[in-house]
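Comments concern the structure below.
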Amino acid sequence: MNKWFRLARLAVLGAVSVATVGQAAAETVRRYNYATNSFETVDTARAQRRTLQRRPDARFRRTEVRIRTDQPAGTIIVDSQNRYLYFVEGKGMATRYGVGVGREGFGWSGQMKVGRKAEWPGWTPPAQMLARERAKGHNIPAYMKGGPGNPLGARAMYLYRGGRDSLFRIHGTNQPWTIGHRMSSGCIRMMNEDVEHLYDRVPTGTKVVVIAPDGTGAENVYADLGPVQHNILDALFGG
């Protein structure tokens, strides 16, 4: 192939690539912003770059830990004070995930069960939120279909008490930098990759124990004994 022809071809491909990137950058979605408690129009390409740059603190990464608890394997424990969710594995082990929890005045505690599950769930804002946003001059949709702009993220586990929907959920988020903070209206928020990991392991009916924001009663539920330390032999032989 002629040298100049190759260069011209690369230039054309480069122009197409730039045009494609420019087109992607122009795409926008409507998204709920937990920091301002309102909807905003977001440039998807810019938001993706921002998401990659603004990750939660390292202590909120998914980690295998040792745990002391009387709760049976398969139970979910949410520590609202420390912003951790534990999936009890049994035999003194648990998987710990970083979470976001209810902001001041929206925290809660108690026992519930996973009543149902959904992948890329749709979202119906509570009536109180609709009224609050309307008072600010924001007319938000009464329903938002699942997708990248949806505040429930990739997965949702709906929490029930006494057979009825509590309106609280364990769900993903399109704003991972909020993990480790108190910013929600009471739901337990996880990074999308973490909620997908948990979702596949949690059947309907799973017990969920939520500890109060001030930590009351935590010592009666569990104790985190720290991350599991794997040695070289474990890595080599699967110990």
>> Restricting to region 145-158, give me the number of residues that are at pLDDT 90 or above and touching a Lys or Arg at 6+ places or on another chain (Cβ under 6 Å).
In response: 3
>> Could you check region 154-177 and list, in sequence order, the residues that are in a strand (DSSP E or B), within 21 Å of ARG55 (Cβ to Cβ) and out of contact with any Asp or Glu (no Cβ under 7 Å at 6 or more places or on another chain)?
In response: ILE170, HIS171
> Name the residues in region 167-215 that are at pLDDT below 95 and among the β-branched types (Val, Ile, Thr), would you?
Replying inline: THR173, THR178
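Would you mind finding the one in ALA73, ALA118 that is in a loop (DSSP other than H, G, I, E, B), of a type in the set (A, V, I, L, M, F, W, C) and at pLDDT 95 or above?
Matching residue, one of ALA73, ALA118: ALA73.
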> For region 88-114, how many residues are of a type outside the set (Ser, Thr, Tyr), outside any loop (DSSP other than H, G, I, E, B) and within 15 Å of the chain's Cα centre (by Cα)?
Replying inline: 5
> Which number in (1) touching a strand residue (DSSP E or B) at 6+ places or on another chain (Cβ under 6 Å); (2) free of Cβ contacts under 8 Å to residues at least 60 places away in the same chain; (3) within 22 Å of THR216 (Cβ to Cβ); (4) not in a strand (DSSP E or B) marks the one condition that GLY180 misses?
Replying inline: (2)
> Does region 132-147 include one or more residues that are over 14 Å from TYR97 (Cβ atoms), out of contact with any strand residue (DSSP E or B) (no Cβ under 8 Å at 6 or more places or on another chain), surrounded by fewer than 20 Cβ atoms within 10 Å (Cβ to Cβ) and among the aromatic types (Phe, Trp, Tyr)?
Replying inline: no
> What pairs come up if the first residue lies in region 133-156 and is farther than 20 Å from THR173 by Cβ, the second is of a type in the set (Asp, Glu), and their beta carbons are under 8 Å apart, counting only those six or more places apart or on different chains?
Replying inline: ASN139/GLU133
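The values are calculated or read from the model by the stated rules, or taken from the named source; none is laboratory data. Computed from a prediction, not measured in an experiment: that's the story for all the values here. FYI the Cβ positions are ideal-geometry reconstructions off the backbone, even for glycines, and counts take in every protein chain you see.
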